[in-house]
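Chemist: I'd like to ask some things about the structure below.
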Amino acid sequence: MRTKDVKESEFEDYYGRYLRKVCVDTPLREGFSVGRDSVLAFFKAIPEEQWNHKYDKDKWSIKEVLQHIIDTERIFAYRTFRIGRRDLTPLAPFDQNGYMEPSDAAGKTPSELLKEYIAVRESTLALINSLSDDDLCAIGTSSDKPMSARAAAFTILGHEIWHVDLINELYL
């Protein structure tokens, strides 16, 4: 199962920005391992003194961006799980800004954030590996729009690429 297999009818237009970040030939399961290694290498290369940097006063710091990547992976892994298990209960949207303050990302060390990222990714990998290709093709409802389990999973991969690109462009 590759990114190119996901049809536009399987996700809301908004998420296309993330799916287009993932190479069309990326195999889903492999993408999570490769993505993990790439994201870890990227963040480990950032000097610790830069982790609190914000490119504007109302924007998130690098720490907060990584926390957002982690939180979003949790949300979309849950969507992947629910849809893949054929739970047809509509899934509500989430307010990413509402998650930031209670996360206390600013109070965490880079090392703590990276450990959290690894733990979440390992959990997501276990989930993805537990789902069959048929499970991943299942379609449910997320944010009042159709979404397949595989589109939710590929969104995780594209979302982290999106934010790594933004950090490179705006923070470093």
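The values are calculated or read from the model by the stated rules, or taken from the named source; none is laboratory data. Model, not experiment: these values are computed from the prediction. Glycine gets a Cβ as well: all are built from the backbone with ideal geometry, and neighbour counts include every protein chain shown. We work out accessible area using only protein heavy atoms, side chains counted, and drop any ligands, DNA or RNA first. Shrake-Rupley method; radii C 1.70, N 1.55, O 1.52, S 1.80 Å.
Chemist: What nm value, rounded to one decimal, do you get for the distance between LEU172 and LYS59 when each label is placed 7 Å out toward the C-beta?
Modeler: 1.5 nm
Chemist: Would you mind calculating the gained length between GLU112 and ARG85 on full extension (0.36 nm times residue separation, minus the Cα-Cα distance), in nm to one decimal? It would help to have the intermediate numbers written out before the result.
Modeler: Values: separation 27, 0.36 × 27 = 9.72 nm, distance 3.16 nm.
Additional length available on full extension: 6.6 nm.
Chemist: Still on this model: Using a Förster radius of 35 Å, what is the FRET efficiency between ASP133 and ASP165 based on their Cβ-Cβ separation? Nearest 0.05, please.
Modeler: According to the calculation, E is roughly 0.75.
Chemist: At a 1.4 Å probe, what is the % contribution of carbon and sulfur to the accessible area of the chain?
Modeler: On the way: 4360 of 8630 Å².
For the chain, the apolar C and S fraction of the accessible surface comes to 50 percent.
Chemist: On to the next question. What percent does the relative contact order of the chain come to when contacts are Cα pairs within less than 8 Å and at least six residues apart?
Modeler: Relative contact order of the chain: 40 percent.
Chemist: Roll a 1.4 Å probe over the protein chains and send me the accessible area per residue for the stretch 38-164 in Å².
Modeler: In whole numbers, the stretch 38-164 has 47 Å² accessible per residue.
Chemist: Okay, moving on. Based on the Cα coordinates of the chain, what is the per residue volume of their convex hull in Å³?
Modeler: It is 108 Å³ per residue.
Chemist: Then there is this: Hey, rough spin-label estimate for GLU101 and LEU125, points 7 angstrom out along Cα→Cβ, what's it come to in nanometres?
Modeler: With each label placed 7 Å out from Cα toward Cβ, I get 3.6 nm.
Chemist: What's the tally of Lys pairs in the chain whose alpha-carbon atoms lie under 20 angstrom apart, where the two lysines are 8 or more places apart or on different chains?
Modeler: Qualifying lysine pairs in the chain: 13.
Chemist: Turning to a different aspect of this structure: Rounded to two decimals, what is the ratio between the C-alpha radius of gyration of the stretch 103-172 and 2.2 N^0.38 Å?
Modeler: The value comes to 1.38.
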